[in-house]
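Since the structure comes first, as structure tokens, the remarks are kept for the end.
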Amino acid sequence: MLNIILMGPPGAGKGTAATWIKEDFSLPHISTGDMFREAMASNSPLGKQIKDIVDNGGLVNDELTCALVKERLSRKDCQNGYLLDGFPRTEAQAEALKKMGEEIGRPVTLAINLTCPDEVLISRVTTRRVCPKCGASYNVITLKPLKEGICDHCGSALIQRKDDNEASFKVRLENYYRSTAPLLDYYKKEGLLHEFDGTLSMSNLKVEISAFLRSYL
Ligand code: AMP
């Protein structure tokens, strides 16, 4: 069963990889970052509570984040697998996920990590543009939309994420190395970790990860 967590620093390409993994393997894509951005866009109580934290690159508290993921994972569409993107990000979240997985009978089966050096990450993040409607990701240098500033998939105007600036990126990267990178060891010890080179072109990365996932099925 493909119960996948997609790991890697901000800008490693998790969101982009998720767009084709979810299609090719018919998995529900659960991105905590997307969930938080939706809450902020709709100005819900949750959105208001987390806005400053997310915009400045901080981490939303574990309790809130785990409750959201637990509710989402218990839905029917996760019965045949799932693709978690951006969760877990802390040791407490990894432990909570292990417990949730046992409770719902769907433990993590693969941790896919995209590696990428810091200098590539910063340049990718600051030149990234995203579609606020369908979540598609572009880059003003390496992955331009067909029509400038417009999403190829749904025609919406592209935006730059508020946290895709140098100051917020620095905080996100620090949080990554402090809280998230240690989880790689945790999943390695569990025998679940598989690493891929996030600097590969999107098409080459797709070939490598798809072949691996097919061999795993
Ligand atoms: P992402 O789209 O994964 O880069 O996430 C965007 C932002 O949402 C992060 O910088 C955090 O502020 C917040 N966020 C996403 N996932 C988590 C998580 N698992 N734990 C805490 N905060 C998160």
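Side notes on the structure shown:
- If only residues of region 85-112 that are in a loop (DSSP other than H, G, I, E, B) and more than 22 Å from L64 (Cβ to Cβ) are counted, the one that is farthest from the ligand (Cβ to nearest atom) is G105.
- Residue check for T115: more than 14 Å from the ligand (Cβ to nearest atom), modelled with pLDDT of 95 or more, surrounded by 13 or more Cβ atoms within 10 Å (Cβ to Cβ) and within 17 Å of the chain's Cα centre (by Cα): yes
- Residue within region 119-127 that is closer than 26 Å to A39 by Cα, touching a Cys at 6+ places or on another chain (Cβ under 8 Å) and free of Cβ contacts under 8 Å to residues at least 60 places away in the same chain present: no
- Counting the residues of region 24-38 that are at pLDDT 95 or above and more than 10 Å from the ligand (Cβ to nearest atom) gives 7.
- Region 54-72 - residue that is more than 15 Å from the chain's Cα centre (by Cα) and polar (S, T, N, Q) and, of those, nearest to Y82 (Cα to Cα): N61
- Picking from residues in region 1-23 that are more than 13 Å from the ligand (Cβ to nearest atom) and part of a loop (DSSP other than H, G, I, E, B), the one that is farthest from G135 (Cα to Cα) is M1.
- Of all residues in region 51-84, those satisfying the criterion of being touching a residue at least 40 places away in the same chain (Cβ under 8 Å), within 12 Å of the ligand (Cβ to nearest atom) and either in a loop (DSSP other than H, G, I, E, B) or in contact with an Asp or Glu (Cβ under 8 Å, 6 or more places away or on another chain) (or both) are V54, D55, N56, G57, G58, L59.
- When restricted to residues that are more than 15 Å from A17 (Cα to Cα) and either of a type in the set (S, T, N, Q) or assigned to a loop (DSSP other than H, G, I, E, B) (or both), region 113-130 contains 4.
The values are calculated or read from the model by the stated rules, or taken from the named source; none is laboratory data. Please read all numbers here as calculations on a predicted model, not as lab measurements. All Cβ positions, even for glycine, are placed from backbone atoms using ideal geometry, and neighbour counts span all protein chains on display.
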